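Trainee: Structure below; questions to follow.
The values are calculated or read from the model by the stated rules, or taken from the named source; none is laboratory data. Remember, predicted model here, so these are calculated numbers, not experimental data. Every residue, glycine as well, gets a Cβ built from its backbone with ideal geometry; the counts of neighbours run over all protein chains shown. These area figures cover heavy atoms from the full protein model, side chains too; ligands, DNA and RNA do not enter into them. Shrake-Rupley method; radii C 1.70, N 1.55, O 1.52, S 1.80 Å.
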Amino acid sequence: MKRQIRGAAFAAAPFIIGTAAHAQSTPYTAPRNAVVDAAGARTVEVEAAAGSLRVEGKAGLKQVQVDGTARASSQQFLNRIKMIAERRGDVVFIKADMPQQDGDFEFYRNYSAALDLVILIPQGINADISDGSGDTRVLNVGSLEATDGSGTFSVDGAAGTVHITDGSGDLRIENVGGDVTVNDGSGDINVRNVTGSFTVESDGSGSIYATDVRGSVVVQNDGSGGIEVNNVGHDFKVESKGSGSIEYTAVSGKVDIPERHRDHNRRGEER
């Protein structure tokens, strides 16, 4: 799986989404479906744009099945929403191909378009996901590499590592067989049941909750919002902390947090 992050996550959404009011008005819809052979594939790569996204691993599946719904505020825009679904070596590539601005700004500002995607993939295959805006849910994959612009992003079931760069919106990550690494702009981060370690490389605002992490929990740089951890198998470390409390229970290893938070936020043990 590639480790490259494709620029700022919030830049992934196409320009023609328009204002929030227009984004809610998409009376024109049409299906955008595809099936791609996944025999021997190692990774499913998804480049989504505006719209909801669900990527779910299914046991015994030999294909990648895409069930898409294009939505737009005009028939003209609807006709221009395409979906690319193809095999590229050992990668199955899925892309939402959205209309791009090619003329009058005012014309595009008053229209909106989105492509909702439900993608079924072989259970345990690696996933590389880039999403613009809208809620995203990922289930039962192998390793996961993801960038997300805005909207909630949830992961339930990943056999390998999980690495997420998120612009805004809540993150929920649970049932992961490897390490979890997060870079987050704003929104709460909630992590549960991780076999490896959990690392927050950077977090702008929002609370961080972590429970049942068998490895270590490390927060390298946190702006604002509380940090609460419970049941950590190894160490708990906070390197840089802005505003907000730090609370912890049942940490098996060492605790290393900024001095002003020591002896004030532990809950019930490690006296």
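Trainee: Given the structure, is G157 within 22 Å of I129 (Cα to Cα), open to solvent by 20 Å² or more (accessible area, probe 1.4 Å) and in contact (Cβ under 8 Å) with a residue 12 or more places away in the chain?
Mentor: Working: within 22 Å of I129 (Cα to Cα): yes; open to solvent by 20 Å² or more (accessible area, probe 1.4 Å): no; in contact (Cβ under 8 Å) with a residue 12 or more places away in the chain: yes.
So G157 does not fit the description; no.
Trainee: Considering only residues that are at pLDDT below 95 and open to solvent by 10 Å² or more (accessible area, probe 1.4 Å), which ones fall in segment 119-150?
Mentor: The answer is S133, G134, S150.
Trainee: When you look at V176, is it within 16 Å of the chain's Cα centre (by Cα), of a type in the set (A, V, I, L, M) and closer than 28 Å to G124 by Cβ, yes or no?
Mentor: Details: within 16 Å of the chain's Cα centre (by Cα): yes; of a type in the set (A, V, I, L, M): yes; closer than 28 Å to G124 by Cβ: yes.
For V176, the condition - within 16 Å of the chain's Cα centre (by Cα), of a type in the set (A, V, I, L, M) and closer than 28 Å to G124 by Cβ - is met.
Trainee: Suppose the filter is without any contact (Cβ under 8 Å) to a residue 12 or more places away in the chain and either surrounded by 15 or more Cβ atoms within 10 Å (Cβ to Cβ) or under 15 Å from I125 (Cβ atoms) (or both); does G40 pass it? I'd like the intermediate steps shown before the answer.
Mentor: Details: without any contact (Cβ under 8 Å) to a residue 12 or more places away in the chain: no; either surrounded by 15 or more Cβ atoms within 10 Å (Cβ to Cβ) or under 15 Å from I125 (Cβ atoms) (or both): yes.
When the stated conditions are applied, G40 does not pass them.
Trainee: Related question: What is the one condition in (1) at pLDDT 95 or above; (2) open to solvent by less than 40 Å² (accessible area, probe 1.4 Å); (3) touching a strand residue (DSSP E or B) at 6+ places or on another chain (Cβ under 6 Å) that E86 does not satisfy?
Mentor: (2)
Trainee: Restricting to segment 167-215, count the residues that are assigned to a loop (DSSP other than H, G, I, E, B), open to solvent by 40 Å² or more (accessible area, probe 1.4 Å) and touching a Lys or Arg at 6+ places or on another chain (Cβ under 9 Å).
Mentor: 2
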